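This report refers to the structure that appears directly beneath it.
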Amino acid sequence: MTVLRIEDLHTVVRSRGRDLPVVRGVSLDVDAGEIVGLVGESGSGKSFTALSVLGLLPEGARVTSGRILVDGEDLVALRERDRRTRRGSTVAMIYQDPMTALNPLMTVGAQIAEGLRAHGIRGPEAKRRTLAAIEEVGLPKPDRIARSYPHRLSGGQRQRVVIASALALRPRVLIADEPTTALDVTIQQQILALVDELRTEHDLAVLWITHDLGVVARIAARVAVMYAGRVAEQAGTRELFAAPQHPYSAALLASIPSPTDTERGPLPQIGGAPPDLAALPAGCPFEPRCAYREDRCATGEPEPVHRGGSDTACFVPRERWGVRGDAMEEPA
Amino acid sequence: MTRAATLVAPAPRTAGQPSLPRRIVADRNGLIGVVLVGLLVVVAVVSLVHLGQDPLAQNRTGQLAGPSGAHWLGTDQFGRDIAARVAAGVFASLRVALVSVGMATIVGGLLGVLSGFAGGVLDAVVGRCTDVLFAFPATLLALALVAALGHGWFNTAIAIAVVYTPIFVRVARGPVLTVRESEYVKAGRVLGFSRSRLLFRHVLPNVGAPIAVQVALALSWAILTEAGLSFLGLGTQPPSPSLGLMVSDARNFFPDAWWTLLFPALAVVVAVVGLNMVGDGLRNALDPRRS
Amino acid sequence: MSLRYLLGRVAGMLGTLVGVAVVVFVVLRALPGDTITAKLGTQAATLTADQRAALRHFYGLDSSPVTQFFRWFGGLLHGDLGVSMDTGVPVTHLIGDALPVTLELAVLAMVIAVPVGVLFGMLAASRPGAVRDLSVQGVGLLGLAVPEFVVATVTVAWLASAFAYTPSAGTYVSIGDSFGGNLRQMLYPALVLAIGLAATVMRTTRSAYLEAAGSDFVRTARGKGVTEARVRFRHILHNAGIPIVTMVGIQFGYLLGGTLVVEQVFALPGLGRLLLDGILHQDYAIVQGVTLLVAAAFVVVNFGVDVVYRLLDPRTRSEGRRA
Ligand SMILES: Nc1ncnc2c1ncn2[C@@H]1O[C@H](COP(=O)(O)OP(=O)(O)O)[C@@H](O)[C@H]1O
Ligand SMILES: [Mg+2]
């Protein structure tokens, strides 16, 4: 059952007097109990997509068109007041840097309880559920943790607190914006396992944002690859890793070590740079960097087509990629 | 040697950008500030060459006359021309401000750079002394010094300089410490470059920016303080024109002879606003993160 | 906050206080030259050598400067600030009368300025670059740029023409005599002081608020569905509060030495007036005493601010910190 459905989302940000298109027609579905990975280079619009769902875009940014449906209700159409009541209770988010995601002047317990109180849960009930939420994320001695200030906790513990706070109200959708990037490898694995476990337990729809395909391979059933504000390719994880249908996905895959390798290398490196949002090319935004480009790639922007088990926004089928491409996608 | 040259690259400065004055003027606040301060400097220079009226010339028949063709900004209780007196007062203010801030910048800046760069005993002593001077509220310290030194514009300038010296020590010392600990200076030390070369090539270029911002703010504080001291009768002495004294005199004729108070007060406000805006412009021009 | 930290800070503060005493002694005792000449002016020339020596001995000026300093400093430790040469009244008595006036003025000004400054700072920061921000900032800059003596002068002139009220030292009513009468005298000078203060508080609030508003934890709070009002006060303002409290404390310290102009214009018998009279009459015992007291108060206030700062922030409040 589809819980989160993003339909043709367009988000812009005002910069130097003009609107830059950051998200340009993203469509995505996440089912209950499913984890969908959202990957792409830094700046491709992943966080803006997530913040559009939460309704927490920064000053100057706004959704210009599209729908964001959660259990059939369009969040974009809601008034700000109703929007607020959906945050935390219907959609929740966890963030990249657990060191800065918590208020240093409030105890952990107060910060979790605050979310409950914002949705009408008060008194002893709020306290009980705060402790339960802390316990659920596997932290020992919940009452002691609840009384601690964030600086007393380690990065992994803080991320668990952020997760506890996000899930305290049993939301339907959890958006995780690179929640393991700032953590070291063992803690990363623990957090992955925790979210995976909570997902099954609560039948959560999870959108997991990362630029790390290794993480995606481990946790996500399906993957959407973003490039310059669009979804370049969307496919089952297995299908994508076996046979990427978009040259950008192929290049991303080629730039990581084996997905079972726990040592993370440097961020994926592909020659060239993503396009300037203020001066997007007329054709496919990946065309200038693409190894398999054809003439028409420079003139028209490809719409997604279903091909080889995935939806890919590319004119050039894999079969035409030629010898050079085969070498690129060979796993290391 | 090429290796050494890359290790000890010149202090990182934003290359290929327009010059600093240009960037200040490009900032809206900076531009307004430069225009306001420029206006006052012109007024002060004009007062030097005594175009028009003598600021000291009394006139028994035209006392407390409102603005007119003969006296653009009116006359005071002795029939003296307010415009000429404001211009001369602006000159006196700027003189005290420039001399005091100049002294404070040179002495404080040098002490800060040297103590930060040398460290050790010198740094400890200078640090302790600045701490003690910081223990006085600024206005109080200026007052105490004026009380000790006596009246007159130069003593006022010295008092203000003493108040501001520790501020420049701190402003200069901070970046010196950062630069001293940075890789390129450490590498330069390892390579045996002389201290003076490191100081002049790598340290000084980095302290210029924060000092420049502080100079603008110090000038505005100096103008306010000079005016305040003169208002209290502790700075410039009559009959020399001074903006603070003019306001003090105007007390007895306000609000009827409003021009006696408005114009000198306005001159102070324009100077302070202008210098603050120049400071803002400098800060924005020097800090690429703000824009 | 550890005891060790506290002791270290107290020791540092005592060191600074001694330094302050040295500076006051050097500036106000050594620099002005011969106190007797200063005191008696042209009459000093008519003194015989014996009279002069007797006077020098009386004022302790015949011993070495170092001895003089220790004698003076020893007196300080016993609460002896010397005697006014003009009136023969102990300086501590004069200060005792003047201090409450200045303190009341400072507290009143703070009580007016802080809420105004904080609210307008928040208003400006709520939409950086918008009309409300630019107007608040513009008014704030004017508040800092229009000298206190101008505002005070205009206010007094206005009071005189509107209420036929002219402040005079003779009619000062203390808070003990009449609360209302006292407040009537203190309100306007406090308002004049509050203008510059509010502008400073506003600027600090604005930048601290903007800085805190950009923090990740603010987004986390919004992500939980917390109301905007609560996000603003409980999260942003609370975090911005630390620099604001620090600045307000420091401003209060400044204020103790910065009421001079206002006391002068409004004829209030506070520390500023005492100091100004001391300077004008070259009564150095008064100048020394007041300067020393205000500087010491400033040091102590700053110390208090530092302690409060540490108490407000759990990151510095707790004992052992983990790595
Ligand atoms: N205020 C702004 N002005 C101009 N460009 C912006 C602004 N805010 C964000 N952007 C642009 O929008 C994009 C944001 O992408 P984001 O969603 O944060 O990327 P990701 O999370 O994939 O790294 C970036 O390319 C960034 O340059
Ligand atoms: Mg991101």
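The values are calculated or read from the model by the stated rules, or taken from the named source; none is laboratory data. Everything numeric in this text was worked out from a predicted model, so none of it was measured. Ideal geometry is used to build each Cβ from the backbone, glycine not excepted, and the neighbour counts take in all protein chains shown. Protein only, heavy atoms only, side chains kept; ligands, DNA and RNA dropped before computing areas. Shrake-Rupley method; radii C 1.70, N 1.55, O 1.52, S 1.80 Å.
When only residues in segment C:190-222 that are farther than 19 Å from C:L103 by Cα and touching a Ser or Thr at 6+ places or on another chain (Cβ under 9 Å) count, which is surrounded by the fewest Cβ atoms within 10 Å (Cβ to Cβ)?
Restricting to residues being farther than 19 Å from C:L103 by Cα and touching a Ser or Thr at 6+ places or on another chain (Cβ under 9 Å), the top hit is C:D216.
Kindly indicate whether any position in segment C:258-279 is surrounded by fewer than 20 Cβ atoms within 10 Å (Cβ to Cβ) and in a helix (DSSP H, G or I).
Yes, because at least one residue in segment C:258-279 is surrounded by fewer than 20 Cβ atoms within 10 Å (Cβ to Cβ) and in a helix (DSSP H, G or I).
Which number in (1) at pLDDT below 95; (2) closer than 29 Å to C:L119 by Cβ marks the one condition that C:V290 misses?
(2)
Please go through (1) in a helix (DSSP H, G or I); (2) open to solvent by less than 70 Å² (accessible area, probe 1.4 Å) for C:G88 and return the number of the only condition it doesn't satisfy.
(1)
Filter segment A:169-195 down to the residues that are open to solvent by 50 Å² or more (accessible area, probe 1.4 Å) and either within 16 Å of ligand 1 (Cβ to nearest atom) or within 13 Å of A:A50 (Cα to Cα) (or both), then identify the one that is nearest to the other protein chains (Cβ to nearest Cβ).
Taking the candidates together, the pick is A:A182.
With respect to the numbered conditions (1) away from ligand 2 (no atom under 16 Å from the Cβ); (2) away from chain C (no Cβ under 14 Å); (3) open to solvent by 10 Å² or more (accessible area, probe 1.4 Å), which one is the sole condition not fulfilled by A:S165?
(2)
Quick one: which of A:R67, A:R62, A:R81, A:R86 is within 26 Å of A:I134 (Cα to Cα) and either within 16 Å of ligand 2 (Cβ to nearest atom) or out of contact with any Phe, Trp or Tyr (no Cβ under 6 Å at 6 or more places or on another chain) (or both)?
The conditions single out A:R86.
I'd like the residue in segment A:111-136 that is open to solvent by 30 Å² or more (accessible area, probe 1.4 Å) and closer than 30 Å to A:D184 by Cα and, out of all such residues, is nearest to the other protein chains (Cβ to nearest Cβ).
Checking each candidate, the answer is A:R129.
Quick check: anything in segment C:290-304 within 11 Å of chain B (Cβ to nearest Cβ), closer than 28 Å to C:T155 by Cα and open to solvent by 20 Å² or more (accessible area, probe 1.4 Å)?
No.
Of all residues in segment C:144-175, count the ones that are at pLDDT 90 or above, of a type in the set (A, V, I, L, M, F, W, C) and not in a helix (DSSP H, G or I).
Residues in segment C:144-175 being at pLDDT 90 or above, of a type in the set (A, V, I, L, M, F, W, C) and not in a helix (DSSP H, G or I): 1 in total.
Which of the residues belonging to segment C:127-143 are assigned to a helix (DSSP H, G or I) and open to solvent by 50 Å² or more (accessible area, probe 1.4 Å)?
C:V131, C:R132, C:L134, C:S135, C:Q137, C:V139, C:L142
Of the conditions (1) open to solvent by 10 Å² or more (accessible area, probe 1.4 Å); (2) facing chain C (nearest Cβ under 9 Å); (3) out of contact with any Leu (no Cβ under 7 Å at 6 or more places or on another chain), B:F254 clears all except one; give me its number.
Among (1) open to solvent by 10 Å² or more (accessible area, probe 1.4 Å); (2) facing chain C (nearest Cβ under 9 Å); (3) out of contact with any Leu (no Cβ under 7 Å at 6 or more places or on another chain), the lone unmet condition for B:F254 is (3).
Since A:E233 meets every condition but one in (1) within 30 Å of A:P302 (Cα to Cα); (2) outside any helix (DSSP H, G or I); (3) under 14 Å from the mean Cα position of the chain (by Cα), which condition does it not meet?
Every listed condition holds for A:E233 apart from (3).
Considering segment A:58-77 alone, what residues qualify as being at negative phi, within 15 Å of ligand 1 (Cβ to nearest atom), touching a strand residue (DSSP E or B) at 6+ places or on another chain (Cβ under 7 Å) and open to solvent by 30 Å² or more (accessible area, probe 1.4 Å)?
Within segment A:58-77, A:R62, A:V63, A:T64 qualify.
Can you say whether C:A124 is within 30 Å of A:D97 (Cα to Cα), outside any loop (DSSP other than H, G, I, E, B) and either under 25 Å from the mean Cα position of the chain (by Cα) or away from chain A (no Cβ under 14 Å) (or both), as far as the supplied structure shows?
For C:A124, the condition - within 30 Å of A:D97 (Cα to Cα), outside any loop (DSSP other than H, G, I, E, B) and either under 25 Å from the mean Cα position of the chain (by Cα) or away from chain A (no Cβ under 14 Å) (or both) - is met.
Can you name the condition, by its number, that A:M99 falls short on among (1) in contact (Cβ under 8 Å) with a residue 60 or more places away in the chain; (2) closer than 30 Å to A:R147 by Cα; (3) open to solvent by less than 30 Å² (accessible area, probe 1.4 Å); (4) more than 16 Å from ligand 1 (Cβ to nearest atom)?
Among (1) in contact (Cβ under 8 Å) with a residue 60 or more places away in the chain; (2) closer than 30 Å to A:R147 by Cα; (3) open to solvent by less than 30 Å² (accessible area, probe 1.4 Å); (4) more than 16 Å from ligand 1 (Cβ to nearest atom), A:M99 violates only (3).
Are there any pairs, at least 6 apart or on different chains, whose C-beta atoms fall under 7 Å, with the first in segment C:163-189 and within 12 Å of C:L105 (Cβ to Cβ) and the second among the hydroxyl-bearing types (S, T, Y), and if so, which?
Note: pairs meeting the criteria are C:N182/C:S174; C:Q185/C:Y172; C:Y188/C:T155.
Give the number of residues within segment A:33-51 that are touching a helix residue (DSSP H, G or I) at 6+ places or on another chain (Cβ under 9 Å) and either within 14 Å of another protein chain (Cβ to nearest Cβ) or more than 11 Å from ligand 1 (Cβ to nearest atom) (or both).
5
Out of C:V151, C:V156, C:V118, which single residue is surrounded by 20 or more Cβ atoms within 10 Å (Cβ to Cβ), on the phi < 0 side of the Ramachandran plot and touching a Lys or Arg at 6+ places or on another chain (Cβ under 8 Å)?
It is C:V156.
So is C:G180 at pLDDT 90 or above, of a type in the set (G, A, S) and open to solvent by less than 40 Å² (accessible area, probe 1.4 Å) or not?
no
Tell me which residues, restricted to segment B:229-251, are part of a helix (DSSP H, G or I), open to solvent by 10 Å² or more (accessible area, probe 1.4 Å) and of a type in the set (G, A, S).
Answer for segment B:229-251, where residues must be part of a helix (DSSP H, G or I), open to solvent by 10 Å² or more (accessible area, probe 1.4 Å) and of a type in the set (G, A, S): just B:S248.
Checking A:V206 against (1) within 16 Å of ligand 2 (Cβ to nearest atom); (2) open to solvent by less than 50 Å² (accessible area, probe 1.4 Å), which test does it fail?
Failed condition: (1).
Can you pull out the helices (runs of 4 or more DSSP H) entirely within segment B:140-200 that have at least 3 residues that are more than 30 Å from the chain's Cα centre (by Cα)?
Here the list reads B:183-190.
Considering only residues of segment C:14-28 that are more than 9 Å from chain B (Cβ to nearest Cβ) and surrounded by 18 or more Cβ atoms within 10 Å (Cβ to Cβ), which is modelled with the lowest pLDDT?
This residue is C:F25.
Consider A:G25 carefully, then state whether it is small (G, A, S), within 12 Å of ligand 1 (Cβ to nearest atom) and in contact with a His (Cβ under 7 Å, 6 or more places away or on another chain).
no
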